[in-house]
Amino acid sequence: MFREMPEVLATGFMIGLREWACVETLRPHLDWPAEQTLGTHVNFSHEAATPPGLLVTVDVRLEKIEGRRLVFHVEAHDGVDRISSGTHERFVIDAAVSRSKLAQKAEKAQA
């Protein structure tokens, strides 16, 4: 079935690329890797198809800081069209605390 789909940048991959652009924008400003961020909300359009071979660039602007909550405006371009625009929310986390909580949840799921 996927072979019958058009060869374009899929929305899920585009969202991942946009999230990663936010992570990379923040990383120099955090106590990495002890301090990291987790995405909690996305609100993106997917406005134009991008075929293989085009270079996608992502522009990130931090618009709001409320404690540990960060809100970004993010746009993506493929050199021909703006392919996406919207907002992304991330929270600054303590990586060790987060790993511990995830391990506890995994243990509960196996019980």
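The values are calculated or read from the model by the stated rules, or taken from the named source; none is laboratory data. Computed from a predicted model, the values in this text were never measured in an experiment. Here the Cβ positions follow ideal geometry from the backbone for every residue, glycine too, while neighbour counts run over all protein chains shown. Ligands, DNA and RNA are excluded from the accessible area calculation, which covers all protein heavy atoms including side chains. Shrake-Rupley method; radii C 1.70, N 1.55, O 1.52, S 1.80 Å.
Restricting things to Cα coordinates, could you compute the convex hull volume per residue of region 1-62 in Å³?
On the way: hull volume 8.4 nm³, N = 62.
In region 1-62, the Cα convex hull volume per residue is 135 Å³.
Report in % the part of the accessible area of the chain that belongs to carbon and sulfur, leaving out ligands and nucleic acids; probe 1.4 Å. Don't jump to the answer; show the numbers that get you there.
Details: 4340 of 7700 Å².
About 56 percent, which is the carbon plus sulfur part of the accessible surface.
Counting only the heavy atoms of the protein chains, how much of K101 is accessible to a 1.4 Å probe, in Å² to the nearest 10?
About 140 Å², ignoring ligands and nucleic acids.
What Rg and what Dmax come out for region 42-107 when only alpha-carbon atoms are used, in angstroms?
16.4, 48
If Lys and Arg each add +1 and Asp and Glu each add -1, what is the summed charge of the other residues whose beta carbon sits under 14 Å from the beta carbon of E107? It would help to have the intermediate numbers written out before the result.
Values: positive: R99, K101, K105, K108; negative: none.
That works out to +4.
Around E47, with a cut-off of 12 angstrom between Cβ atoms, what is the net charge of the other residues, counting Lys and Arg +1 and Asp and Glu -1?
On the way: positive: R82; negative: E75, D78, D81.
Cβ neighbours under 12 Å give a net charge of -2.
So what's the gap between the Cα centers of region 6-25 and region 36-101, to the nearest angstrom?
After rounding, the separation between the Cα centres reads 8 Å.
Taking K and R as +1 and D and E as -1, what net charge do the other residues with C-beta under 15 Å from the C-beta of E35 add up to?
Details: positive: R27, R68, R69, R90, R99; negative: E24, D31, D94.
Combined, the nearby Lys, Arg, Asp and Glu give +2.
Per residue, what accessible area does the chain have, given a 1.4 Å probe and all protein chains present, in Å²?
Working: 7700 Å² over 111 residues.
Per-residue value: 69 Å².
Nearest 10 degrees is fine. How inclined is helix 95-110 to the longest principal axis of the chain, computing both from alpha carbons?
90
At q = 0.11 Å⁻¹, what base-10 log of I(q)/I(0) does the Debye formula yield for the chain when every alpha carbon is treated as an equal point scatterer in vacuo?
Debye curve over Cα of the chain, log10 I(q)/I(0) at q = 0.11 Å⁻¹: -0.46.
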